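K.L.:
Quick one: the structure is below, questions incoming.
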Amino acid sequence: MVSTTTPLVDRMAWLWHGHFVSAVDKVKIARLMVDQIRLFRRQGLGPFAPLLKAVTIDPAMLVYLDGATSTGQHPNENFSREVMELFALGVGNYSEADVPAGAAALSGWRVRRSVGTADFVVRQHDDTPQTYLGQSGVHDVDSVIAAIASQSALAPFIAGTLAAEFLGTSDSAIVGSLASTFASSSFDITSLVTAILQAGVAGSGQAVVLAPVPWLVIAQRVTGGVIRPKVRLAGLRAAGQIPMSPPNVAGWPGGAAWFGSSTVVARAGLASAVAESAPSDNPALVAATGTDHAALATSLGLPVPLFSDATNAALDAANPGPQRLALALCSPEFVVA
């Protein structure tokens, strides 16, 4: 994410990683998690239905939500519930009867852990036609995805998820407009993201508190700082966000949750490591050696009005150079986008 030449591709991969949640502590095999991230990079800006299908039969997801042990005789309902509640439709947009129906239709997938692939085993599958989300004849992955894609709740749920991520808003008018764009594009994610970015440029949205990982990525990109992997891992663990280790199937928290004392302290430590490793000719570090805080803010990519009076006073009190740069990286103006 720091070195990529396609930052939007990787930003979307990170978003989907926090949405279609799997975690290495249960998956166990790091290769499966890496392959899932690669899936998000390949398909994260494409049509939504193929992405959802790919996630449904992704080996890491099959292990994480127990699809890999789901049989026609004993269908596991974990993924069937979460794909509707957390991944595609939202709470209240399905019935309890849809959960076992979806589980039966999705049964029969197995993971070959030695090679990292998923296979469909016919004899382990229940092919009985189900009534699922109001659709009859649902019996396999394709018909499950088609039934989900036919739901009116899909467009506003996904549009709302991305609007909250990029615009920090759940405003019904904004989300409704974005949902219309998404639906009219046959659920093309690029069309939705384009509309979201255009809305942001037009002034829609609210402040977004950067989670530890995106914040650290941006800090390293603007300063050129390179920190040791062990330092990065320890800092992100203390901050509460390690890639591939979300706390539960709902993913990481957001907003004010990132203002906890442990996260604030961890950010300070990571900011110091980044600032100390910044190249001497980096514009942000050069600006931090002087007293022109507006130049420092500009070098960090901050918009007008740049730093507040309180932040300027704190920067004045800091030692010029890496300490001042580290403080700027922890400032409200940099943490809250």
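The values are calculated or read from the model by the stated rules, or taken from the named source; none is laboratory data. The model shown is predicted, which means the values in this text are computed figures rather than measured ones. Don't worry about glycine lacking a Cβ; one is built from the backbone with ideal geometry, like all the others, and counts go over all protein chains shown. Only protein heavy atoms, including side chains, enter the accessible area calculation; ligands, DNA and RNA are left aside. Shrake-Rupley method; radii C 1.70, N 1.55, O 1.52, S 1.80 Å.
K.L.:
So which pairs qualify, if the first residue must be in region 192-212 and without any contact (Cβ under 8 Å) to a residue 12 or more places away in the chain, the second must be assigned to a helix (DSSP H, G or I), the Cβ gap must be under 9 Å, and the two must be at least 6 apart or on different chains?
P.N.:
T194/T181
K.L.:
Further question: If a residue has to be surrounded by fewer than 16 Cβ atoms within 10 Å (Cβ to Cβ) and more than 17 Å from V265 (Cα to Cα) to count, how many in region 319-337 make the cut?
P.N.:
Total satisfying the criteria: 2.
K.L.:
Continuing with the same structure: For residues in region 198-210 being farther than 23 Å from A250 by Cα and not in a loop (DSSP other than H, G, I, E, B), which is least open to solvent (accessible area, probe 1.4 Å)?
P.N.:
A199
K.L.:
Another question, then. Cβ-Cβ distance below 7 Å, separation of 6 or more or different chains: which pairs start in region 308-330 with a residue that is farther than 18 Å from G224 by Cβ and end on one that is part of a helix (DSSP H, G or I) and open to solvent by 60 Å² or more (accessible area, probe 1.4 Å)?
P.N.:
These pairs meet every condition: T311/P332; A314/L327; L315/L327; A318/L327.
K.L.:
How many residues are under 28 Å from A183 (Cα atoms) and outside any loop (DSSP other than H, G, I, E, B) when one looks only at region 105-124?
P.N.:
Step one: of region 105-124, the residues under 28 Å from A183 (Cα atoms) are 105-106.
Those still in the list that are outside any loop (DSSP other than H, G, I, E, B) too: 105.
Number satisfying all stated conditions: 1.
K.L.:
Cβ-Cβ under 6 Å, sequence separation 6+ or interchain: first residue in region 247-265 and open to solvent by less than 50 Å² (accessible area, probe 1.4 Å), partner part of a helix (DSSP H, G or I) and small (G, A, S). Which pairs?
P.N.:
Qualifying pairs under 6 Å: G251/G18; W252/G18; T263/A239.
K.L.:
Further question: Would you tally the residues in region 287-317 being among the small types (G, A, S) and closer than 17 Å to R267 by Cα? Outline the logic, then answer.
P.N.:
Here is the first cut: in region 287-317, the ones among the small types (G, A, S) are 287-288, 290, 294-295, 297, 299, 301, 308, 310, 313-314, 317.
Applying the additional criterion that residues be closer than 17 Å to R267 by Cα yields 314.
Of the residues in region 287-317, 1 are among the small types (G, A, S) and closer than 17 Å to R267 by Cα.
K.L.:
Inside region 324-337, can you point out the residues that are at pLDDT below 95 and assigned to a loop (DSSP other than H, G, I, E, B)?
P.N.:
A337
K.L.:
Same structure, new question: Residue by residue through region 180-207, note down the ones that are within 18 Å of S150 (Cβ to Cβ) and more than 19 Å from the chain's Cα centre (by Cα).
P.N.:
S180, A183, S184, S185, S186
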